[in-house]
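Here the structure is laid out as structure tokens; the discussion comes afterwards.
The values are calculated or read from the model by the stated rules, or taken from the named source; none is laboratory data. A quick note: this is a predicted structure, and the numbers were derived from the prediction, not measured. Here the Cβ positions follow ideal geometry from the backbone for every residue, glycine too, while neighbour counts run over all protein chains shown. Quick note on the areas: whole protein, heavy atoms, side chains included, nothing else; ligands and nucleic acids left out. Shrake-Rupley method; radii C 1.70, N 1.55, O 1.52, S 1.80 Å.
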Amino acid sequence: MKEIKQIVARISGHRNRECYTILCYAVEAARHYQPQEPKMKVILADVVDMMEEKKELSTLSKALSRVAADIWEHGDHQELWKVFGRQTVDPPTPKELVFRLAEYVWRESGTPEQQIAYRRWQSAAGAGYGIIAKIQEPEYHVVTSPITKDLDTVERLVQRLNQEQTPVRVFEERYLLGNLLDLMKN
């Protein structure tokens, strides 16, 4: 959420208004659906669940309309265009604002939602089994040397890495420090 607040602060007009808090919650909710874009009522229902002070969907919808107008009238258009990836002539709709911000955060942050696929590989020389980590977007691969001769151990480790969607940087760091197999002890 900190990242979202920073991006919203860069594009905002009067960012101390409550509608900006609602925008941040809506972007956080929409980020979890990336790359899909569900109906706004789904996002707003998620926002209601996230907020401590419960609000009606219609109140949230009006707040998002106010924040879109405020950003267009008083915000930084250059920063807004960076988020959108293009210059816009017309003010963004609330839905467009929420989903473009969510997409931007998702794309820039390298969040766990990127779906990291871990799998084992077997050494042709019989030295054991290693692990391959692959991210689709942006395309990225990490391959270890053989880390164990035990097939069961490497398969359980791969299963755990996939279930937890262990970030690649954590995976790389543990591998380089020689404690990747320690994940099996927890």
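Evaluate the range 146-157: report whether one residue or more is under 30 Å from V47 (Cα atoms), of a type outside the set (F, W, Y) and not in a helix (DSSP H, G or I). No, because not a single residue in the range 146-157 is under 30 Å from V47 (Cα atoms), of a type outside the set (F, W, Y) and not in a helix (DSSP H, G or I). Figure legend. Inter-residue proximity from the range 170-181: first residues open to solvent by 50 Å² or more (accessible area, probe 1.4 Å), second residues at pLDDT 90 or above and assigned to a loop (DSSP other than H, G, I, E, B), beta-carbon distance below 6 Å, spacing 6+ or different chains. Indicated pairs: Y175/T144. Restricting the range 44-55 to residues that are surrounded by fewer than 21 Cβ atoms within 10 Å (Cβ to Cβ) and modelled with pLDDT of 90 or more leaves a set whose member that is farthest from F99 (Cα to Cα) is V48. Looking at the range 56-84, which of its residues are free of Cβ contacts under 8 Å to residues at least 12 places away in the same chain and either part of a loop (DSSP other than H, G, I, E, B) or acidic (D, E) (or both)? If the condition is that a residue be free of Cβ contacts under 8 Å to residues at least 12 places away in the same chain and either part of a loop (DSSP other than H, G, I, E, B) or acidic (D, E) (or both), then E56 is the only one that fits. All of (1) open to solvent by 100 Å² or more (accessible area, probe 1.4 Å); (2) in a loop (DSSP other than H, G, I, E, B) hold for K41 with one exception: (2). Could you please find all residues in the range 132-155 being modelled with pLDDT under 90 and either of a type in the set (K, R) or touching an Asp or Glu at 6+ places or on another chain (Cβ under 7 Å) (or both)? K134, V142 - these are the residues of the range 132-155 that are modelled with pLDDT under 90 and either of a type in the set (K, R) or touching an Asp or Glu at 6+ places or on another chain (Cβ under 7 Å) (or both). Selection of the range 16-25 for residues being farther than 9 Å from V67 by Cβ and surrounded by 14 or more Cβ atoms within 10 Å (Cβ to Cβ) yields T21, C24, Y25. Within the range 127-186, the only residue that satisfies the criterion of being in contact with a Pro (Cβ under 7 Å, 6 or more places away or on another chain) and hydrophobic (A, V, I, L, M, F, W, C) is A127.
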